[in-house]
Structure formats: structure tokens, C-alpha cells
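What follows is a set of notes on a single structure, which appears directly below.
The values are calculated or read from the model by the stated rules, or taken from the named source; none is laboratory data. Please read these numbers as outputs of a predicted model, since none were measured by experiment. Quick reminder, even Gly has a Cβ in these numbers, built from the backbone with ideal geometry, and neighbours come from all protein chains shown.
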Amino acid sequence: MSDEHYDLVILGSGSTAFAAAIKAADLGKSAVMTESRTLGGTCVNRGCLPSKNLIEAARIYWEAEHPRYPGLAPATLGLNFKELVSGKDEVTRSYRDRKYQAILDDSDKFRVLPGAARFADPHTVELDGHRLVGGQVLIATGSRPAIPAMPGLEKVPYLTSDLLTSDEPIELFEQPRSLVIIGGGYIGLELGQLFHRLGTSVEILQRSPRILPDHEPEVSTALAEALDDEGQRSPMRSTTRGSISGPPRRSWVSSAMARAWRSPSSDSGGARRPGPTGSSLRRDGARTPTRLRSTARA
Ligand SMILES: Cc1cc2nc3c(=O)[nH]c(=O)nc-3n(C[C@H](O)[C@H](O)[C@H](O)COP(=O)(O)OP(=O)(O)OC[C@H]3O[C@@H](n4cnc5c(N)ncnc54)[C@H](O)[C@@H]3O)c2cc1C
């Protein structure tokens, strides 16, 4: 395998990676991105775009049944969840083609190589038959769902915050009758409201005393009131140290569970940049204190 040299080697092909590759090209530098899943990363494929698409559909469905103006009579719209999901997938594919693939097609300055990139040394990344050597290497591997160490979880079918993905087997096509969501952060809350508005019975479990613990307390209060006004059950204070029991689909997690926490993808072995000793960023105590530069020395 011969070395391929670039000014910038980027792990990932999400929005961060594209912004960096475009900037590098603007500066006359060569760049290459790598991708282990789907071109475009989380936002377009399983995050912002598909969630906002279905959230808007759920809002229309909900507001038809709960009109805000006097003189409007409540109406129940027909609901076909599978068709909603197909529509969401179409929007996702079309956006990915127009905003990501089209940029690649139009540029001779950078490209994306498929495969899971692994560091061979601080400047060299290997993936599926390629050895990429970068003057600079950018880790833009984003996040993935974090699965809690919860006894019994492996025995029940559960979803993750990647449930809105498309063209991957983990995509959700059936509307859950009920849904327990672990985590009262923004992803858990917006997915919870989306499913609640479509008629799923939603229960949110959270560790902290309030939802959105990373935000201003006033935001938590206002949002809790808004969800309460819509008849969504108040998030339940709970720790994920509990256990889950009962046969799948008959336990209190009746049809599905969504795990809404996420952890950095760079935690997964190969994407860590080797530090001076060849070990991982974490073990070397590498930090990104200023300008997001790693302290791992090249
Ligand atoms: C349900 C949900 C809703 C969201 N809604 C919003 C929203 O409304 N607004 C908002 O601003 N943000 C939202 N986000 C967050 C947003 O999606 C992320 O902040 C954004 O996608 C981060 O972009 P990124 O390029 O840094 O990483 P990502 O988009 O995650 O891209 C990283 C890419 O790297 C790839 N990768 C990982 N490891 C490797 C490896 N070893 N080799 C090669 N490739 C690798 C991954 O497959 C991925 O495609 C949402 C997220 C979720 C899950």
C-alpha cells in the first residue's frame, strides 16, 4: 500500500469535515475526507434534517387536533407512519445529493474515501486499502449513541437516537405504541414530543432534577410547562442504574426504548489519534484547550 499525501486528512464527512475541506480548498490545499457510514454525517442523515422533517409533520398532525384559534374545529388527520418515514427518507436523500454529493462532484480539490479510518501514526491514517498521510489531520468523527450499562437492557429491543437514520437497518419504520426515553436532553425531548404528538405514549426518564440540565433553568421550566400543556407526562426522575426485566415487549418498556445520550465517536479505538507514546488521545491526557488543537505531539 503506497502512501497518499495530502495537506489535510479528515476523519469523517459530516458538516464539520465538509467545512474544513472547503476551507482547505479555498486556501489552495489538498484535502481528503473519510467516511465509515453515510456521506454527510449525522446532521443530514439521522440528526437535524430528518428530525425536523418529522417534527414538522407531527406539529401539523397535532395542531389539527388541537387548534389554537376560536372558530377552528378540531380535526383528526389520517396518519400513515411508514409513509411519513418514506417522505423523510426522500428529503434526506435529495438534500444529501444536492448539498454534499454535488459539492464533491463539482470539486477536483477533495474527495471522500469510504471506510473506517484508523491511525497508524499521528500523521497517517489507514482505511480499506489506502494509507493517507496528512500535514494536518482533523478528527471530525462526531458522535454516536451511548448505550448505558443497564442490567437487562440487552434482553429488550431498544432504539437509539439514530432511529431516524435512512438506508441503514436500524431505521424505525413502525410507530411505537409506547416509548420510554432515557435522557431529558434536547434530543430526547424533541423525539419525545414528536412521538407524543403522533399518539405514542411517551415516558422520559432523567437523572438530573430538571430537563435540559445543560441549559438555563428558565428554559427547563418553560419547556416543561409547554410539554405539560400538551399533555405529555412530566419527565420522571430516575437513574440508569436501574434494571430492566420481563420478556421483551411485555416489560414496562412495552414496545421500544430510545437512548438519547451520545458519546464522541473518537472514543472508538481506531479514530483516536495516537499521542507521543502511541496510545490514545484520552490515555495521553490530550486536551483541546485552545483553538481546538490536540495536545498530542506530532
Ligand atoms: C436526532 C438528532 C437531532 C439533531 N438535531 C440538531 C439540530 O436540530 N440542530 C443542530 O445544530 N444539531 C442537531 N444535531 C446534532 C448534529 O447532528 C451534530 O452536531 C452534527 O452532525 C455534528 O457534525 P460533525 O460533522 O461534527 O459530526 P457528524 O455529523 O457526526 O459526522 C461524523 C462522521 O464521521 C464518521 N466517522 C466516525 N468515525 C469514523 C472513522 N473512524 N472513520 C471514518 N469516518 C468516521 C461518522 O460515520 C460520521 O458520518 C442533532 C443530532 C441528532 C442525533
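Scanning segment 6-17 for residues that are surrounded by 24 or more Cβ atoms within 10 Å (Cβ to Cβ) and over 16 Å from the mean Cα position of the chain (by Cα), we see that the one that is farthest from the ligand (Cβ to nearest atom) is VAL9. Being within 30 Å of GLU230 (Cβ to Cβ), exposed (fewer than 15 other Cβ atoms within 10 Å of the Cβ) and within 16 Å of the ligand (Cβ to nearest atom) is a property that does not hold for CYS43.
Answer yes if at least one residue in segment 218-230 is touching a residue at least 24 places away in the same chain (Cβ under 8 Å), away from the ligand (no atom under 16 Å from the Cβ) and not in a loop (DSSP other than H, G, I, E, B), and no otherwise. Scanning segment 218-230 turns up at least one residue that is touching a residue at least 24 places away in the same chain (Cβ under 8 Å), away from the ligand (no atom under 16 Å from the Cβ) and not in a loop (DSSP other than H, G, I, E, B). Condition (residue is assigned to a loop (DSSP other than H, G, I, E, B), touching a Ser or Thr at 6+ places or on another chain (Cβ under 8 Å) and within 16 Å of the ligand (Cβ to nearest atom)) applied to segment 49-62: is it met by at least one residue? No, the conditions are met nowhere in segment 49-62.
In segment 71-186, counting only strands (runs of 3 or more DSSP E) that sit wholly within it, the ones holding 2 or more residues that are more than 21 Å from the chain's Cα centre (by Cα) span 110-114, 118-121, 124-127, 130-139. Filtering segment 100-109 for residues that are surrounded by 18 or more Cβ atoms within 10 Å (Cβ to Cβ), under 28 Å from LEU49 (Cβ atoms), at pLDDT below 95 and more than 14 Å from the ligand (Cβ to nearest atom) leaves an empty set. Within segment 1-58, the set of residues being of a type in the set (Ser, Thr, Tyr) and in contact with a helix residue (DSSP H, G or I) (Cβ under 7 Å, 6 or more places away or on another chain) comprises SER13, SER15, THR38, SER51.
Restricting attention to segment 55-66, does a residue exist that is modelled with pLDDT of 95 or more, out of contact with any Asp or Glu (no Cβ under 7 Å at 6 or more places or on another chain) and closer than 18 Å to ASP167 by Cβ?
Quick first cut of segment 55-66, residues modelled with pLDDT of 95 or more only: 55-66.
From the residues that got through so far, the ones that are out of contact with any Asp or Glu (no Cβ under 7 Å at 6 or more places or on another chain) too are 56-66.
This time we only want the ones that are closer than 18 Å to ASP167 by Cβ, so: none.
So far as segment 55-66 goes, no, none of its residues is modelled with pLDDT of 95 or more, out of contact with any Asp or Glu (no Cβ under 7 Å at 6 or more places or on another chain) and closer than 18 Å to ASP167 by Cβ.
Within segment 169-216, the set of residues being under 20 Å from CYS48 (Cβ atoms) and either assigned by TED's automatic domain parsing to the domain that holds LEU49 or among the charged types (D, E, K, R) (or both) comprises GLU171, GLU190, ARG197, ASP214. Once segment 139-155 is narrowed to residues that are more than 10 Å from the ligand (Cβ to nearest atom) and out of contact with any Phe, Trp or Tyr (no Cβ under 8 Å at 6 or more places or on another chain), the residue that is nearest to ARG262 (Cα to Cα) is ILE147.
When you check ILE204 against the structure, is it outside any loop (DSSP other than H, G, I, E, B) and either near the ligand (Cβ under 9 Å from one of its atoms) or among the aromatic types (Phe, Trp, Tyr) (or both), yes or no? It is false that ILE204 is outside any loop (DSSP other than H, G, I, E, B) and either near the ligand (Cβ under 9 Å from one of its atoms) or among the aromatic types (Phe, Trp, Tyr) (or both). Applying the condition of being among the β-branched types (Val, Ile, Thr) and surrounded by 11 or more Cβ atoms within 10 Å (Cβ to Cβ) to segment 74-97 and asking which residue is farthest from ALA64 (Cα to Cα) yields THR92.
No other residue among GLU168, GLU174, GLU126, GLU190 is away from the ligand (no atom under 14 Å from the Cβ), surrounded by fewer than 22 Cβ atoms within 10 Å (Cβ to Cβ) and not hydrophobic (A, V, I, L, M, F, W, C) apart from GLU174.
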